[in-house]
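A.B. asks: Before I ask anything, let me first share the structure, which is written out below as structure tokens.
The values are calculated or read from the model by the stated rules, or taken from the named source; none is laboratory data. Predicted model, so just to flag it, every value in this text is computed and none were measured. Reconstructed Cβ throughout: ideal geometry from the backbone, glycine too, with neighbour counts over all protein chains shown.
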Ligand SMILES: [Zn+2]
């Protein structure tokens, strides 16, 4: 059995000429991985999760992907072996580029020196997640939502849509709620489920698409760290929900917003 030959970058971009993260406004420039490979041990992500991205959207999400990857590694106690070198590299990247996104011990104190978080010791991990990191997770989830929308519908998500992106730490009551919400949605939509992607439990997902109404639901979990529940749907219908779901924004705009707003 021969493996199917992976298309070259040029072939990929010919088949997917427009960025799926800014509504197809800009030409695609990259074959972008979503979830980013940095999220996976040894950067071994799933093979077929590649999406057309412009340079701007690609760059705008990079820090959010690093921050999210760092928290996944930090929270997930189930990794048999935390790759210290990989983890250390992640931490150094955040210390240098987004120190405000590091966890902190008390709301009134500055973050402890980052070396504190290298030890995979549960006792030491009673840390708080700063608001700015939460915004990074939200962007990370939004990027996944747009990617899966493109994958399922063949069209880039665009400004006629509104979005819900909710996340929670696995094992918390909030995570149970997220799962419950997702199960309700998926029942309502009567959707076919996609088979789970098996990379251990590093990344599992379900999508539900209601073509008649134009909704896409995405439920995903990253190891024992985070669960996400995301929905993209027609703005004119979703506007009736409370709280009112956010309007579609490009990944470039969302990324730029995180950069300018300091905590
Ligand atoms: Zn773009």
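A.B. asks: Here is a check on your reading of the model: is residue 22 within 12 Å of the ligand (Cβ to nearest atom) and either surrounded by fewer than 23 Cβ atoms within 10 Å (Cβ to Cβ) or in a loop (DSSP other than H, G, I, E, B) (or both)?
C.D. replies: Yes.
A.B. asks: Ok, one more. Any residue at all in the stretch 109-127 that's in contact with a strand residue (DSSP E or B) (Cβ under 6 Å, 6 or more places away or on another chain), more than 23 Å from residue 203 (Cα to Cα), surrounded by fewer than 22 Cβ atoms within 10 Å (Cβ to Cβ) and modelled with pLDDT under 95?
C.D. replies: In the first step, residues of the stretch 109-127 are kept if they are in contact with a strand residue (DSSP E or B) (Cβ under 6 Å, 6 or more places away or on another chain); the result is 111.
If we keep only those that are more than 23 Å from residue 203 (Cα to Cα) too, we end up with 111.
Still in the list and also surrounded by fewer than 22 Cβ atoms within 10 Å (Cβ to Cβ): 111.
From the residues that got through so far, the ones that are modelled with pLDDT under 95 too are 111.
Yes: one or more hits.
A.B. asks: Residues in the stretch 33-44: is at least one over 16 Å from residue 69 (Cα atoms), more than 16 Å from the ligand (Cβ to nearest atom), touching a strand residue (DSSP E or B) at 6+ places or on another chain (Cβ under 9 Å) and outside the structural domain of residue 220 (by TED's automatic domain parsing)?
C.D. replies: First, pick out the residues of the stretch 33-44 that are over 16 Å from residue 69 (Cα atoms): none.
Within the stretch 33-44 (the criterion being over 16 Å from residue 69 (Cα atoms), more than 16 Å from the ligand (Cβ to nearest atom), touching a strand residue (DSSP E or B) at 6+ places or on another chain (Cβ under 9 Å) and outside the structural domain of residue 220 (by TED's automatic domain parsing)), the answer is no, since none of the residues qualifies.
A.B. asks: Could you list, in sequence order, all residues of the stretch 25-39 that are surrounded by fewer than 20 Cβ atoms within 10 Å (Cβ to Cβ) and out of contact with any helix residue (DSSP H, G or I) (no Cβ under 6 Å at 6 or more places or on another chain)?
C.D. replies: 25, 26, 27
A.B. asks: Let me ask something additional. How many residues are crowded, with 17+ Cβ neighbours inside 10 Å and either within 16 Å of the ligand (Cβ to nearest atom) or more than 16 Å from residue 138 (Cα to Cα) (or both) when one looks only at the stretch 69-78? I'd like the intermediate steps shown before the answer.
C.D. replies: Within the stretch 69-78, the first condition is being crowded, with 17+ Cβ neighbours inside 10 Å, and the residues that meet it are 69-76.
In the following step, the residues that additionally are either within 16 Å of the ligand (Cβ to nearest atom) or more than 16 Å from residue 138 (Cα to Cα) (or both) were identified as 73-76.
Total satisfying the criteria: 4.
A.B. asks: Right, something else. Would you mind stating whether residue 225 is more than 16 Å from the ligand (Cβ to nearest atom) and exposed (fewer than 15 other Cβ atoms within 10 Å of the Cβ)?
C.D. replies: no
A.B. asks: Name the residues in the stretch 165-183 that are in contact with a helix residue (DSSP H, G or I) (Cβ under 8 Å, 6 or more places away or on another chain) and farther than 17 Å from residue 202 by Cα, would you?
C.D. replies: 165, 166
A.B. asks: Do you know which of the residues in the stretch 31-45 that are in contact (Cβ under 8 Å) with a residue 24 or more places away in the chain and within 14 Å of the chain's Cα centre (by Cα) is farthest from residue 224 (Cα to Cα)?
C.D. replies: Of everything passing the filter in the stretch 31-45, 32 is farthest from residue 224 (Cα to Cα).
A.B. asks: For residue 252, only one of the following conditions fails: (1) within 16 Å of the ligand (Cβ to nearest atom); (2) out of contact with any helix residue (DSSP H, G or I) (no Cβ under 6 Å at 6 or more places or on another chain). What is its number?
C.D. replies: All conditions are met except number (2).
A.B. asks: Taking residue 222, is it touching a helix residue (DSSP H, G or I) at 6+ places or on another chain (Cβ under 6 Å) and either at pLDDT 80 or above or within 18 Å of residue 146 (Cβ to Cβ) (or both)?
C.D. replies: yes
A.B. asks: Do the conditions hold for residue 179, that is, is it at pLDDT below 85 and under 17 Å from residue 138 (Cβ atoms)?
C.D. replies: Answer is no for this residue.
A.B. asks: Let me ask something else about it. If you go through the stretch 61-68 one residue at a time, do you hit one that is assigned to a loop (DSSP other than H, G, I, E, B) and away from the ligand (no atom under 16 Å from the Cβ)?
C.D. replies: No; the residues of the stretch 61-68 include none that is assigned to a loop (DSSP other than H, G, I, E, B) and away from the ligand (no atom under 16 Å from the Cβ).
Table: residues versus (1) more than 21 Å from residue 139 (Cα to Cα); (2) surrounded by fewer than 12 Cβ atoms within 10 Å (Cβ to Cβ); (3) modelled with pLDDT under 85; (4) within 18 Å of the chain's Cα centre (by Cα).
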position	(1), (2), (3), (4)
50	no, no, no, yes
64	no, no, no, yes
82	yes, no, yes, no
100	no, no, no, no
103	no, no, yes, no
